[in-house]
Amino acid sequence: MKMQKEMRKFCPKCKSHTAQAVSIYKKGKDRKTALGSRRHAEDKKGYGGQKFPELKRTAKTTKKITLRYTCKTCQRKSMREGMRMRKLEIGA
C-alpha cells in the first residue's frame with residue numbers, strides 16, 4: 001500500500017485540522033532491568049522447561065503496522081490503531 005508523507009488530520013492540541021507528517025511507529029529496545037523481563041528470565045532459568053510456549057511457526061502472513069502522526073504546528077505526536085498489511089510505502 002502506498003501512502004502520502006503528509007496529510008491533513010485533526011490535532012487534539014491545536015483543536016483544528018492541521019498538516020501532519022506520517023511515519024511508521026517502531027518499538028524501542030526492551031530494558032533488561034524491567035520487572036517483567038526479570039520475572040520472565042527467572043521463570044525460564046533452570047530445569048522444568050519453558051513457562052510460556054516458544055512460537056515455532058507463525059499463522060499470519062501480515063503484520064499490523066501502526067502509523068504515527070506528527071503535527072507540523074505544535075509537534076504533538078499521535079498514533080492510529082494498526083492496519084494489517086504486508087508492506088507500506090510512505091511518499092513514493
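Quick note: the coordinates plus some simple rules give every number you see, no bench work behind them. Predicted model only: the values in this text are computed from it and were never measured. Backbone-built Cβ (ideal geometry, glycine too); neighbour counts: all protein chains shown.
Brief remarks on what is shown
- Over 26 Å (Cα to Cα) - which of LYS2/LYS77; LYS2/LYS32; LYS26/LYS60; LYS27/LYS77; LYS51/LYS87 fall in this group: LYS2/LYS32; LYS51/LYS87
- Anchor LYS64: aspartates and glutamates whose Cα lies under 20 Å away (excluding residues fewer than 8 positions away in-chain): ASP30, GLU81, GLU89
- Inter-site label distance for THR70 and LYS26 at 7 Å from Cα along Cβ, in nm: 1.3
- Based on C-alpha pairs under 8 angstrom that are at least 6 apart in sequence, the chain has a relative contact order of 39 percent.
- Cα shape, the stretch 20-81, gyration tensor, a/c 1.5 rule: oblate
- Residue-count net charge about MET1 - beta-carbon cut-off 10 Å; Lys, Arg +1, Asp, Glu -1: +2
- Relative to the longest principal axis of the Cα atoms of the chain, the long axis of helix 35-44 makes an angle of roughly 40 degrees.
- 3J(HN,Hα) from dihedral phi, the stretch 20-26, Karplus parametrisation 6.51/-1.76/1.60, rounded to Hz, x for glycine, proline: 10, 7, 9, 9, 8, 6, 10
- Net charge dipole size for the chain [Lys, Arg +1 and Asp, Glu -1 on Cβ; Debye, nearest 20]: 80
- Backbone geometry of the stretch 75-83 corresponds, through the Karplus equation with coefficients 6.51, -1.76 and 1.60 at θ = phi - 60°, to 3J(HN,Hα) couplings of 6, 6, 9, 9, 10, 10, 3, x, 9 Hz, x marking Gly and Pro.
- Calculated mean residue ellipticity at 222 nm for the chain: -3000 deg cm²/dmol, from DSSP H runs with n ≥ 4 weighted as -39500 (n - 2.57), summed, divided by the residue count and rounded to 500.
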